[in-house]
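What follows is one structure encoded as structure tokens, with my remarks underneath.
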Ligand code: ARG
Ligand code: ZN
């Protein structure tokens, strides 16, 4: 059934306390629940309705009186239709089977370790409950388990623990902070802690633990360090202190997402905790830092203030992503972080917004909420927060955050509550701004300039394209930050912030000379700027713009235009053109790359060509059809042009910037490695560079350099590639996370044999495909990050991928549904490929017993 935002009703019953006892057993875990219900005076009334899925109910009572025979059970829960007092105690006992739980939702086993994932609706697979975020209760938990499981964890503060007869033991936990069921967590395993302590601003001592399997202790230091920095940052930036005496992080191998912010007990995909120089890349370190911070920041934006219902997901996710972005910006380079985030936004969110899965930041209906943990809710949600801050100004922003925490602490809120806070502190009317939460689709921004000798008339116009279910759009509030550069390259007027609120608006700006505009500085709004600029203007901005984002953008646009010019429609068919790439364009980039006053990390971003997906979207806008293989070939030509023209520069950059001395994951060294390895990726298109890559592969003492060399060899089809791949496999066969990297390199290779390799690797005996990290790093990476090979004209990879989605769906619907997004661009393709993709989507849709998760995804892709 379709769940609608408009149908929201407050809960009929509230819960004061929830006491749970777990008697852990792989096939039959007993869960006893004791829940204090009170009638909600503001609720709709009605019988007691509790959510529950896949539970075996042994018995239930109300105020001690057995009611088991008076319950009506169905697939989604139970109903007790009997007269009830305004307050009563519900008790029940259920049995669940963690070992059989391959969906990784609820209580499950991962490598012999019990763990939980309850967001969004996993708690109902543990016991009967009003499993909705606006029901908040104080939880007490008692865990009983075999004594070998030495570590028994749940939320909040530890209580009593000790031995039990029969080789078992128990531990108790109590979380004093009322919380919704989705923040419940339990972990039991043979674990080791790497520990530290933190003293909060007000002097409270907090014990910090990162829990891992024996043997992984030496890979926890960075996560722990990032946690301490995040805790300090939230105090300094927002005055937010931690509120318990212990903070636990647990690394789990089988996990559907990145991590989870359970109160006081964050659970992480081990990929985002474990790191050592030999096993993790600079990128891994950066992700660990930001995800540890993200989950920690949820303690205030998510846990202390939570969501009223799941339509409000962006309230906690958009805000918390924004907060983790700002944290990374402060810890590393703000400019580089902004560019990385915008690249990611364009690659994932713009793609989503332009296709059949487009939905508003606050969706208004869903069938399966797990399908809405999307780039739109998270990343566009963060952009909306960023625009709000820009519009109200830094100082008012901070006042608003203070008021939000003060006014709504302990509550389950909606987007309206959030906006009201900012209306109150700023005196602004945010009703039009709210459209950012309600209208899907990426706005298109057009620019016209007229210069009359004394003043510039700037005309901005906007158009929001139709998206599924939203044919007509209203104009949005678009903040456009703008700089004015004179002929010398200096700023000739202060930066302006234009607020576009109508379909079209003009401003007249008096200036001493005709300016070159630096528009949408810092990417001040998540829009597509439709503006033809000549290469000379882009080169000028690349050389002079004081806004680092726009400086990078100018270079990226030069590359994108040059690549687009390599293709054209011939008889309606995308074809490569013989157009040469203008030497001036490459030289503009070369100049920036040689500029030693520029941060190496920033120059690495200038060197990286736009993604094939981004080029495809631009070509679809231009031509109405895309051939992913033509896109790939055009982009290869650009790389060839760079390599040929800049070979000496690239070699010099690599020589100059390869860090010497022991590995450090700090931003400065990581940036230099990024530049040196970016140069290597291009140099390895030629035999000399391949020899250099092979030498780097052999000598590297850290995973970043090793993987960069291996990728350069593999993706360029170097003769040394197979030997290097084999050496790497032999060295790391025992380490699943490292082997994911090995598979991913092969899956994303543009070489013609990539599909055959992916197939063979996926059929290998030792391929643990039920683990989401494993399947995603091979099959998922192939479909998402290797467009040239995934979109083979014969459709074989589509069939292969659909087979995998169906296979995974039977085991883990959530992960299958997320991976289905690889098909979301199918309508950009030519008729032949469209027919092949549609046939696979229809085959999936017709599968008997398809999960609600996957069926919603394929139906939206077919209908949208
Ligand atoms: N709240 C988590 C985070 O963003 C994501 C967990 C979502 N899990 C899920 N199964 N939908 O940090
Ligand atoms: Zn989150």
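Read the figures in this text as sums done on the coordinates, not as results from a lab. Remember, predicted model here, so these are calculated numbers, not experimental data. Using ideal geometry, Cβ is built from the backbone for each residue, glycine included, and neighbour counts are taken over all protein chains shown.
Annotation: average projected area of region 199-244 is 3.5 square nanometres, based on the convex hull of Cα atoms across all directions. For 632, 359, the sequence from fewest to most other C-beta atoms within 10 Å is 632, 359. For region 128-206, the spread of Cα positions along the three principal axes, ordered from largest to smallest, is 40, 39, 18 Å. Computed over region 258-323, the P(r) tail beyond 15 angstrom holds 53 percent of alpha carbon pairs. Taking the centroid of alpha carbons for each part, region 553-606 and region 693-734 are 28 Å apart. With all pairs of different C-alpha atoms in the average, the Kirkwood value for the hydrodynamic radius of region 771-859 is 12.9 Å.
What shape does region 672-731 have by the C-alpha gyration tensor, where a ≥ b ≥ c are the square roots of the eigenvalues, rounded means a/c under 1.5, and otherwise prolate means a/b greater than b/c and oblate the rest? It is oblate, given that a/c is not under 1.5 and a/b is not larger than b/c.
Note on region 313-454: the C-alpha convex hull projects to 11.6 nm² when averaged across all orientations.
For the peptides 249-260, 120-131, the ranking by packing is 120-131, 249-260, with the highest mean count of neighbouring Cβ atoms within 10 Å listed first. When you count the other C-beta atoms within 10 angstrom of each residue and take the mean per peptide, 47-60, 506-519 line up highest first as 47-60, 506-519. Scaled to the globular estimate 2.2 N^0.38 Å, the Cα spread of region 335-415, given as radius of gyration, is 1.29. Is the C-alpha gyration tensor of region 461-567 telling us rounded, prolate or oblate? Criteria: a/c under 1.5 is rounded; beyond that, a/b larger than b/c is prolate, otherwise oblate. The shape class here is oblate. DSSP beta bridges fully contained in the chain are about 80 percent antiparallel. Comparing Cα centroids, region 76-102 and region 190-222 end up 36 angstrom apart.
For the pair residue 232 and residue 472 in one chain, pulling the backbone fully straight at 0.36 nm per residue adds 81.8 nm over the alpha carbon distance. Backbone N atoms of region 661-677 closer than 14 Å to the 7 Å Cα→Cβ label point of residue 598 belong to residues 675-676. At 1.567 mPa s and 4 °C, plugging the Kirkwood radius over alpha-carbon pairs of region 238-368 into Stokes-Einstein gives what diffusion coefficient in µm²/s? It comes out at roughly 79 µm²/s. Ordered by the number of other Cβ atoms lying within 10 Å of each residue's own Cβ, fewest first, 775, 287 fall into the sequence 287, 775. For region 631-760, the square roots of the Cα gyration tensor eigenvalues, ordered a ≥ b ≥ c, give a/c of at least 1.5 with a/b no greater than b/c, which places it in the oblate category.
Using only Cα positions of region 68-195, each an equal point scatterer, no hydration layer, compute I(q)/I(0) via Debye at q = 0.10 Å⁻¹ and quote the log10 values to two decimals. Scattering profile of region 68-195, log10 relative to I(0): -0.38.
Counted over region 141-287, the DSSP beta bridges are approximately 70% antiparallel.
Counting every C-alpha pair in region 1-82, the share spaced more than 20 angstrom apart comes to 44%. Taking Cα atoms only, the orientation of helix 667-683 departs from the longest principal axis of the chain by about 50 degrees.
Extent along the principal axes, Cα only, for region 528-632: 47, 27, 22 Å, with the longest axis given first.
Per residue, the chain reaches -12000 deg cm²/dmol at 222 nm when only DSSP H runs of four or more residues are counted, each adding -39500 (n - 2.57). Working from label points 7 Å from Cα in the Cα-to-Cβ sense, the residue 490 to residue 403 distance is 4.1 nm. For the chain, taking Cα atoms only, Rg and Dmax work out to 27.7, 92 Å respectively. Taking only the alpha carbons of region 681-820, we obtain Rg and Dmax values of 15.4, 49 Å in that order.
Shown for 394, 286, 612, 636: other C-beta atoms within 10 Å of each C-beta, ranked fewest to most, produce the order 394, 636, 286, 612.
Within region 98-161, the ratio Rg/Rh, alpha carbon atoms throughout and Rh by Kirkwood, equals 0.97. Using equal-weight Cα scatterers in the Debye expression, the normalised intensity of region 114-261 in log10 at q = 0.11, 0.13, 0.14, 0.15 Å⁻¹ is -0.47, -0.67, -0.78, -0.90.
The Kirkwood hydrodynamic radius of region 427-472, based on inverse pair distances between different Cα atoms, is 13.3 Å.
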